[in-house]
Structure formats: C-alpha cells, structure tokens
Amino acid sequence: MYFSSNALARKMERLANESWQRVDLSPSHAYLLMIAIEEPGVQPGTLAGELQLKPSTITRLIEKLEEKKLVVRFTEGKTTNVYATPKGKELLPQLKECLKDFYEGYTHVLGNEESAKLVANMNKLSDELPG
C-alpha cells in the first residue's frame, strides 16, 4: 500500500501542477484561494480541516498568497479571518477552469464513477488511520 499510494500521489501531483500552472499557483495555494473567495472570512483552522493540512502549512500558504496580494488576514483578538483581495477574486474563473481541467484529466482515465469511489475511499481511510 505504501508504494502504491505514493505512486498515485506523485502522478496526481504532476497532473494537478500541470492543471494550475497557468495561474502560477500550486494546487494547495489555488484551493486555499478558492475557499477564501467562496467563504469570505474563513479561519485558518477551517482551512486546515478542509484541505487536510497542518495549521503551520496553512500559515505558510496564506503568507505566500499575501505576498502575491491575493489574500489578506484580519485578526481580532484570537480570531484570524482570511479574505480574498479583489486581485484574488479576479482569478476565480481561471481557478475554476483549472479545477475542471484537473477533474477531467483524472476522470478521463478512471471514469466518473470510479473516481468518485476512489476519493470517498481515500477520505474514509485517511480519517481512520492515525495522524
């Protein structure tokens, strides 16, 4: 399972990177930006849960998007909220097109039904295995 899952991860990473190359963002940055656009004021903890990444990784992703002027953070007390900037929001149509290309790339090979089952099974296994 170890080698099979890593081989699959590498291939999916390659496909994802190719899909988001035109917006000059990594897949992780692109997904975080899409969430910030669709859920204005999203908190880093929510982002970590949705993207299944550690909070420290989320912080680094946000910092990079801030450098590119695509998101801003506002902190009130202990609460931090992440918002897409107008420049970030302008990318939404392109981000959705990249997402569509990525989805079509792997469903073309696996098929819609098999893709959906694979994602569901992977999420289930990920939730069941220790962190």
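The values are calculated or read from the model by the stated rules, or taken from the named source; none is laboratory data. Predicted model, so just to flag it, every value in this text is computed and none were measured. Glycine also receives a Cβ, built like all others from the backbone with ideal geometry; neighbour counts cover every protein chain displayed. The area values use the complete protein model at the heavy-atom level, side chains included, leaving out ligands, DNA and RNA. Shrake-Rupley method; radii C 1.70, N 1.55, O 1.52, S 1.80 Å.
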For VAL42, residues with placed amide H under 5 Å, excluding near neighbours
VAL82
Accessible area per residue for the chain in Å², computed with a 1.4 Å probe and the full protein assembly in place, what is it?
67
Area of SER26 that stays accessible when all protein chains are in place (1.4 Å probe, Å², to 10)
40
Modelled label-to-label distance, THR79 and GLU66, 7 Å Cα→beta-carbon offset: nm?
1.9
In nanometres, what is the gap between the two model label sites at ASP24 and PHE3, each 7 Å from Cα along Cα-to-Cβ?
4.1
Only helices at least 30 Å long along their axis, Cα-based, and averaging 1.6 or more on Kyte-Doolittle count here, so list those DSSP H runs from the chain.
none
Answer with one residue from ASN81, MET1, SER115: the one whose Cα lies farthest towards the positive end of the charge dipole of the chain, charges on Cβ with Lys, Arg +1 and Asp, Glu -1.
ASN81
Karplus 3J(HN,Hα) series, Hz, for the stretch 79-86 with 6.51 cos²θ - 1.76 cosθ + 1.60 (x for Gly, Pro):
9, 10, 10, 10, 10, 6, 7, x
Which value, in debye to the nearest 20, describes the size of the charge dipole of the chain about its Cα centre when Lys and Arg Cβ atoms bear +1, Asp and Glu Cβ atoms bear -1, and nothing else is charged?
320
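Quick one: pull the percentage of alpha-carbon pairs in the chain with a separation above 26 Å.
Details: 2346 of 8515 pairs.
More than 26 Å apart: 28 percent of the Cα pairs in the chain.
For the chain, what is the calculated [θ] at 222 nm in deg cm²/dmol (nearest 500), taking -39500 (n - 2.57) for each run of four or more DSSP H residues and dividing by its residue count? Before the final figure, lay out each step's value.
Numbers: 7 runs with 93 residues, N = 131.
The helix-only estimate for the chain comes to -22500 deg cm²/dmol at 222 nm.
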Whenever you get a sec, compute what percent of the accessible area on the stretch 12-131 sits on carbon and sulfur atoms (1.4 Å probe).
53
